[in-house]
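The values are calculated or read from the model by the stated rules, or taken from the named source; none is laboratory data. Remember, it's a predicted structure, so these values are computed and weren't measured experimentally. Reconstructed Cβ throughout: ideal geometry from the backbone, glycine too, with neighbour counts over all protein chains shown.
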Amino acid sequence: MPESEIVLLPDAGPLITLAYADALDLLFKPGWTVQLVDMVLHELTRNTTPTSASIARWAEKLPVLATRTCRRYREAADRGETSAPKTNLGELAIQEAMNDFAQAVPPRIGVFVFEDHKIARASFLLPDNCRKVSTRAWLLFLEQKGWLDSAAAIERAALANGRRFSQLRFPPD
């Protein structure tokens, strides 16, 4: 399958880290399609944070995948339901998108970039056509391919600008 048919689906954590490092465009380096899942975009932009405006501007040029997860969340919010689930919805929406990729004909290849400890350790169901990779592993991949001078420099920039970057390494060293 040509690399252009690989779809990169970043979770909120990697987008926040890359925004702190002013490096969101690194997601485009391999030439793969980058798409955002609606619930992740909502999580990143519903409140004002140090990175919400820059992520919203960056996301304007991307296709956003609509999910049932986000639709149900918004419907519950419109009805004023305060007891509706609010945690892990971005990850659930990404998993929904990856399941849709697996059922497409031909199946689409998905790469899920994450930064959450729970995802690294959890039994996050991945169809055979999808992969998960941590932010650090993604940056190291870019460095190994020659598309990034220094993965550590991006990490240092995010930290210097205020990001509390996960110390978890996935896959483990």
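Observations
- Tallying residues that are touching a residue at least 24 places away in the same chain (Cβ under 8 Å) and either closer than 17 Å to GLY13 by Cα or more than 18 Å from the chain's Cα centre (by Cα) (or both) within the stretch 138-158 yields 9.
- Residues considered: ALA104, ALA97, ALA120, ALA66. Of these, the only one that is farther than 15 Å from GLY13 by Cα and at pLDDT below 90 is ALA104.
- Residue match in the stretch 84-93 (condition: part of a helix (DSSP H, G or I) and more than 25 Å from TYR20 (Cα to Cα)): no
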